[in-house]
Amino acid sequence: MTKHVLVTGGAGFIGSHLVDELVAGGHQVDVIDNLEPQVHKAEPAYLNPKAHYTFKDLRDPGVLEAALSDAEIIVHLAAMVGVGQSMYQVTRYVEANVGGTAKLLQALVDGHRVKKLLVASSMSIYGEGAYACPTHGAVAPSLREEAQLAKKDWETHCPNCGKVLTPIATPETKPLQTNSVYAVTKRDQEELCLVTGRTYGIPTVALRFFNVYGPRQSLNNPYTGVAAIFQSRIKNGQPPVVFEDGNQTRDFVSVHDVVRSCILAMNTDGADYHAVNVGTGKGVSILHVAQVLLALYGSDLRPTIEHRFRAGDVRHCFADISLARRLLGYEPRVSFDEGMRELVDWGRTVEAQDGFANAYSELRNKGLLEG
């Protein structure tokens, strides 16, 4: 059945892939996107001509009211992205992410015919992932102390006995430990949407995306995902810079699997009023990501391992996707190796401006880089 779908942030990395899938499914699609200059140097060439675009900020007067007049489903992806940058651009991130979401929800409360709301949440709201101690079982350690990291002791330790912990898949039930302004805003986006949805009977799903990668991820934005940052460095003849010892792990999920999770959440009611992890269920080290990208580019460069740490970084975090499997029927289909090959094939066709040095200097100047 054809539906009228509004996608905020629909000209971006994830949003544009979702728009393509929705259009291919016969849906009528409206997009609101402010074409954030840090991400877009110009209107992207990949935009689907069958969708309708409004290139304005969703907080601008009248924008949402017009877009919501016929919308049946909203997929709220619009957000400022960047953990480090959020720590010294607090107002910008809070106003864009929390303020923008509040504006959207106020418009829904004031009068709507929306039948479903999806909001993009983030693995960043967990802080550290879940761990197991050989003696005390499952534990949720606090963030690593600066004194520990200064000794180059990178791993997490049991709060009860001090033993090194083993990372395990992080379930939705893990207590949240927001450790950056960005994470706080994503938690707020999620909770605001779920609370409003429950109150007004709007079926709402918060999708907690883990480390999304794939074609169309900006190679000019040094605050985006690590795979894109590494690729930009390599294309400019510079080595990828890896913090700590490089053995920290994340869950790298293809944008195609993320889009599939959105379609499943849109078309089923199993996850309504829930927060659900979207990942692969597997952890991959940051150093391995750098090595794979270098190999795919045929580069002789080697990663630069900093043995320094950024304030608020976590050691390990990868998804427990059992809830997504049960509520959505979700199953990741793109392997890490397949996804990286696709990313590099696309990356060879686009320009990349390496802004890492400036971002690195900003972190150092703000006192957010230690060691």
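Read-outs: derived from the displayed coordinates by stated rules, not from any lab. These numbers were taken from a predicted model, which means no experiment stands behind them. Glycine also receives a Cβ, built like all others from the backbone with ideal geometry; neighbour counts cover every protein chain displayed.
Numbers at a glance
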{"read-out": "Using a Förster distance of 25 Å, the FRET efficiency for Arg364-Ser285 (Cβ separation, nearest 0.05)", "value": "0.55"}
{"read-out": "Loop-resident sites, region 124-177, for GluC sites (Glu not before Pro), counting at most 11 other Cβ within 10 Å (DSSP)", "value": "Glu145"}
{"read-out": "Point-to-point label distance, Asp110-Thr2, nm (Cα→Cβ direction, 7 Å offset)", "value": "3.0 nm"}
{"read-out": "Burial order of peptide ranges 273-280, 21-28 (average beta-carbon count within 10 Å, highest first)", "value": "273-280, 21-28"}
{"read-out": "Residue of Ser124, Ser285, Ser335 that the Gaussian network model of the chain assigns the largest fluctuation, springs spanning Cα pairs under 10 Å", "value": "Ser335"}
{"read-out": "Distance (nanometres) between label positions extended 7 Å along Cα→Cβ at Thr91 and Glu65", "value": "2.7 nm"}
{"read-out": "Ascending count of other beta-carbon atoms within 10 Å, so fewest first, for Trp154, Trp346", "value": "Trp346, Trp154"}
{"read-out": "FRET E, pair Arg333, Arg308, Förster distance 45 Å, beta-carbon r, rounded to 0.05", "value": "0.80"}
{"read-out": "Cα centroid separation - region 82-157 against region 212-281, whole Å", "value": "15 Å"}
{"read-out": "Surrounding net charge for Pro44, when Lys and Arg each add one and Asp and Glu each subtract one, Cβ distance under 11 Å", "value": "0"}
{"read-out": "Order of Glu244, Glu331 under a 10 Å beta carbon neighbour criterion, fewest first", "value": "Glu331, Glu244"}
{"read-out": "CD proxy at 222 nm, helix term only [per DSSP H run n ≥ 4: -39500 (n - 2.57); per residue of the chain; nearest 500]", "value": "-9500 deg cm²/dmol"}
{"read-out": "Whole-Hz couplings from phi, Karplus 6.51/-1.76/1.60, listed for region 268-283; x for Gly and Pro", "value": "10, 10, x, 9, 4, 6, 10, 9, 9, 5, 10, x, 10, x, 10, x"}
{"read-out": "Net charge contributed by nearby residues that have their C-beta within less than 13 Å of Gly26 (K/R +1, D/E -1)", "value": "0"}
{"read-out": "Asn267/Thr166 FRET efficiency (R0 41 Å; Cβ-Cβ; nearest 0.05)", "value": "0.65"}
